[in-house]
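Report on the following structure.
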Amino acid sequence: MGATGIDEAKLEAFMGRAFTDIGAIISAPLVVIGEKLGLYRAMAHAGPSSSQQVAERSGAAERSVREWLRNQAAGGYITYDAESDRYTLPDEHALALADEDSPFYVLGIYDMFASLYADEDQIVEAFRSGQGMGWHEHDHRLFRSTERFFRPGYRAHLVAEWIPALEGVQEKLERGAKVADVGCGHGASTVIMAAAFPNSEFVGFDYHDASIERAREMAREAGVEDRASFEVASAQAYPGTGYDLVCVFDCLHDMGDPVGASAHVLQSLDVEGTWMIVEPFANDRVEENLNPVGRVFYGASTVICTPASLAQEVGLALGAQAGQAQLTDVLKQGGFTRVRRATETPFNLVLEARP
């Protein structure tokens, strides 16, 4: 290559890392196929299986299944026993790949990757222009995959851990409270809360009308439409006052004007109300986020979150790794005087803001 002073060991190490990434990228569509054809479900808790057995259980063609199994074994998603020519999906892996009700289920995010490739030209232009790209401008698969990715975590933590970590909120919800879920998307968080607290009233707001339509369907399917309604509205202008609890789940950083949204939340709250802000987990210093989780969140932030904010008025572009200090500054600029970290998970930062 004509370069001098090359550290061959460093080059080889990087090439190994790059090829690992290449293998992951080419395997991503195969993971989607595995979910859509039920291949992981066909292997879950079934013990060692031949390619023919997996094909028969899933209704797919054996020769294609055989090649898929070999790819999955090479990536460590399943195991292969050469002596018996059998493949096994470990029970631990099945929690992430075959059980959609598991808090560890990860397959919901994979359609997001397909949506981003479909949006490649628009994303590239957004980079060039700096004008951003609205959430509503993305391929339709992004909306569903986002809801499916976040829902397992909400189901596992929202009612059991996050709400109890807020001062006095659980008791209010049990008695009967008025709740706004702002930026609700498909309404997964709204429906989960409505199912847990039948005495309370929940309203989900989102500016994306297609998402609101889907949220209404989810409420009907869950049997909570009597206490969970949905309206098209922005974070800076949603209707209503006297809310006991306002929630934003993984969307404050997507807003063009989060300070303006904070000010609107403040005026919509009851004097004793609470604002719960759930954001992707992040430390305050960039170097502390340079890890596998940070890599995923910075990636999503680059092609989805930051462009979404830039496409709106103000365009503050917090990014998905803003961290508590920067988020707290935004909340206080909006008029909140008390902000604390209520709880956290490896993937979530949960803040409580009070007037």
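The values are calculated or read from the model by the stated rules, or taken from the named source; none is laboratory data. Every value quoted in this text rests on a predicted model; they were computed, and no experiment measured them. Note that each Cβ is placed from the backbone with ideal geometry, even for glycine, and that neighbours are counted across all protein chains shown. Heavy atoms of the whole protein, side chains included, go into the accessibility calculation; ligands, DNA and RNA do not. Shrake-Rupley method; radii C 1.70, N 1.55, O 1.52, S 1.80 Å.
Tabulated data
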{"read-out": "Strands (runs of 3 or more DSSP E) wholly inside the range 176-255 containing at least 3 residues that are under 21 Å from the mean Cα position of the chain (by Cα)", "value": "178-182, 201-206, 243-249"}
{"read-out": "Yes/no for V246 being modelled with pLDDT of 95 or more and in contact with a strand residue (DSSP E or B) (Cβ under 9 Å, 6 or more places away or on another chain)", "value": "yes"}
{"read-out": "Which listed residue is assigned to a helix (DSSP H, G or I), small (G, A, S) and over 19 Å from A219 (Cα atoms), from A160, A165, A156", "value": "A160"}
{"read-out": "Any hit, the range 73-87, residues being out of contact with any Asp or Glu (no Cβ under 6 Å at 6 or more places or on another chain), open to solvent by less than 20 Å² (accessible area, probe 1.4 Å) and assigned to a helix (DSSP H, G or I)", "value": "no"}
{"read-out": "Helices (runs of 4 or more DSSP H) within the range 278-345 that include 3 or more residues open to solvent by less than 30 Å² (accessible area, probe 1.4 Å) and farther than 25 Å from E161 by Cβ", "value": "306-310"}
{"read-out": "The range 111-133 - residue that is among the polar types (S, T, N, Q) and closer than 12 Å to I304 by Cα and, of those, farthest from the chain's Cα centre (by Cα)", "value": "Q122"}
{"read-out": "Any chance V265 is within 14 Å of the chain's Cα centre (by Cα), at pLDDT 95 or above, open to solvent by less than 10 Å² (accessible area, probe 1.4 Å) and over 25 Å from R17 (Cα atoms)", "value": "no"}
{"read-out": "Out of D270, D284, sole residue that is among the charged types (D, E, K, R), modelled with pLDDT of 95 or more, farther than 23 Å from R151 by Cβ and touching a strand residue (DSSP E or B) at 6+ places or on another chain (Cβ under 7 Å)", "value": "D270"}
{"read-out": "From the options S145, S102, S129, residue that is more than 22 Å from A320 (Cα to Cα) and of a type in the set (S, T, Y)", "value": "S102"}
{"read-out": "So A42, is it within 19 Å of A94 (Cβ to Cβ), open to solvent by less than 70 Å² (accessible area, probe 1.4 Å), part of a loop (DSSP other than H, G, I, E, B) and out of contact with any Pro (no Cβ under 9 Å at 6 or more places or on another chain)", "value": "no"}
{"read-out": "In the range 88-113, the residues that are among the aromatic types (F, W, Y), open to solvent by less than 60 Å² (accessible area, probe 1.4 Å) and part of a helix (DSSP H, G or I)", "value": "Y110"}
{"read-out": "Residue list for the range 1-39, filter: surrounded by 10 or more Cβ atoms within 10 Å (Cβ to Cβ) and part of a loop (DSSP other than H, G, I, E, B)", "value": "L37, G38"}
